[in-house]
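Note sheet for the following structure.
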Ligand SMILES: Nc1ncnc2c1ncn2[C@@H]1O[C@H](COP(=O)(O)OP(=O)(O)OP(=O)(O)O)[C@@H](O)[C@H]1O
Ligand SMILES: [Mg+2]
């Protein structure tokens, strides 16, 4: 069993990248939500500009589609610095990274996406580069090998990861500032939608924006995608008119439910409830039950389910909460996680 994740996947694919580029805020002032991160980052950037020095290295962590790449581009724009983009999987050998580092210009911003997937030797080279703006180029092999130190231009590393827990501590420690990106509130997503609608010349009334925002899983990328599906639906079936009812009908058609749960979310929860009696069950067993990679379940589905209070990660495994039973119209068994006990108090973890 495999899911068509196109509509509700938080990952961008193919043509969508082009559309996303058009909708991407270009400056910090246009960036919606993440107020804390925005304020912290703006201080880091402004003080660097005052001192005329590259700012500390910045790490951004959080689930897909929340604006990590967007912020990396904004950092370069705010600094008026050029941006070099690469990703962890592209840095297989130390030489791949050396080739980039040795050609950076003064103050350049180097963005490494999926930095947790970088190969070990490249990672070690990066430590030295981040700390001393130096790389050791190893010439020769075996006992005769020598390391030739090479100075590189002062630069700012911006790393992005969906799995900060996988970063080795020495790498994490070398970032001066870590931005923890969190899911967006509904009113922030409404702002994202209004902005995108304006850029796409779509007439989107407030009520319809609210409806779409509520189903966007706290994720701007999904909000923008649902907006395009609603627009398609309205163009074909409603002569371009968008109302709350039309938005809702469109999204029902695409199987995104009123809480924003998509097919994978529902599959994970129903497997947990029906096959494992609500858990606890291990991540990999659960992933097999829904025919997905454990990483997909962990990175894509779980953060949102946990945030919605539908699923809990416990030391013994994944557990469905009382709210999950109720969401599917089932009666939570006695002792269900997070249920009100006889004294009316919710269980603590
Ligand atoms: N704060 C925001 N305000 C407005 N639009 C946003 C914001 N954050 C993200 N977006 C929109 O969401 C899309 C996805 O954002 P982005 O590509 O930066 O996410 P990401 O965190 O890098 O995702 P991934 O982990 O998949 O790389 C962007 O094209 C942009 O249009
Ligand atoms: Mg990205």
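Count the DSSP beta bridges whose two residues both fall in the range 1-158, then state the antiparallel fraction as a percent rounded to the nearest 5. It would help to have the intermediate numbers written out before the result.
Working: 6 of 15 bridges.
Roughly 40 percent of the DSSP beta bridges within the range 1-158 come out antiparallel.
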According to a simple spin-label model (label point 7 Å from Cα along Cα-to-Cβ), what is the distance in nm between residue 249 and residue 102? 6.3
Relative to the longest principal axis of the C-alpha atoms of the chain, give the angle of the C-alpha long axis of helix 35-51, reported between 0 and 90° and rounded to the nearest 10°. 20
Of all DSSP beta bridges in the range 104-173, what percent run antiparallel (nearest 5)? 60
Can you bin the range 263-327 into rounded, prolate or oblate? Criterion: square roots of the alpha carbon gyration tensor eigenvalues sorted a ≥ b ≥ c, rounded for a/c under 1.5, prolate for a/b above b/c, oblate for the rest. rounded
Contour minus end-to-end for residue 18 and residue 182, with contour as 0.36 nm per residue of separation and end-to-end as the Cα-Cα distance? 56.6 nm
DSSP beta bridges in the chain [antiparallel fraction, %, rounded to 5]: 40
Contact order relative to length of the range 114-167, as percent, for alpha carbon pairs under 8 angstrom and 6 or more apart: 40
Helix axis angle, 220-237 relative to the chain longest principal axis, alpha carbon, degrees: 50
Assuming a ≥ b ≥ c are the square roots of the Cα gyration tensor eigenvalues, decide whether the range 16-100 counts as rounded (a/c under 1.5), prolate (otherwise, with a/b larger than b/c) or oblate. oblate
If I take every Cα pair under 8 Å that is 6 or more residues apart in the chain, average their sequence separation and divide by the length, what percent do I get for the relative contact order? 16
Express the relative contact order of the range 186-253 as a whole percentage, based on alpha carbon pairs under 8 Å and six or more residues apart in sequence. 35
One finds the C-alpha centres of the range 165-193 and the range 225-239 to be spaced, in Å, by 31
What ranking of 127, 184 emerges when the number of other C-beta atoms within 10 Å of each C-beta is taken as an exposure proxy, fewest first? 127, 184
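Using the count of nearby Cβ atoms within 10 Å as a rough guide to exposure, how do 152, 19, 75 rank from fewest to most?
Lowest to highest Cβ neighbour count: 19, 152, 75.
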Sort 305, 189, 199 so that the residue with the fewest other Cβ atoms within 10 Å of its own Cβ comes first and the one with the most comes last. 199, 305, 189
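Once you order the gyration tensor axes a ≥ b ≥ c over the Cα atoms, which shape class does the range 111-162 get: rounded for a/c under 1.5, otherwise prolate or oblate by comparing a/b with b/c?
Values: a/c = 3.94, a/b = 1.60, b/c = 2.47.
It comes out oblate by the Cα gyration axes.
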Name the most mobile residue of 266, 198, 172, meaning the one with the largest mean-square fluctuation, in a Gaussian network model of the chain with Cα contacts below 10 Å. 198
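Using the per-residue mean of other Cβ atoms lying within 10 Å as a proxy for protection, in what order, highest first, do the peptides 130-140, 50-60 fall?
Numbers: 130-140: 14.5, 50-60: 17.6.
Answer by packing, highest mean first, reads 50-60, 130-140.
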Express in whole angstrom the spacing between the alpha-carbon centres of the range 34-73 and the range 81-113. 18
With Cα atoms, 0 to 90° folded angle of helix 186-199 axis to the chain main axis: 70
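Each value in this text was obtained by applying a stated rule to the coordinates, not by laboratory testing. In this text, all values refer to a predicted model and were calculated from it rather than measured experimentally. When we count neighbours, we look across all protein chains shown, and the Cβ atoms used for this are built from the backbone with ideal geometry, even at glycine.
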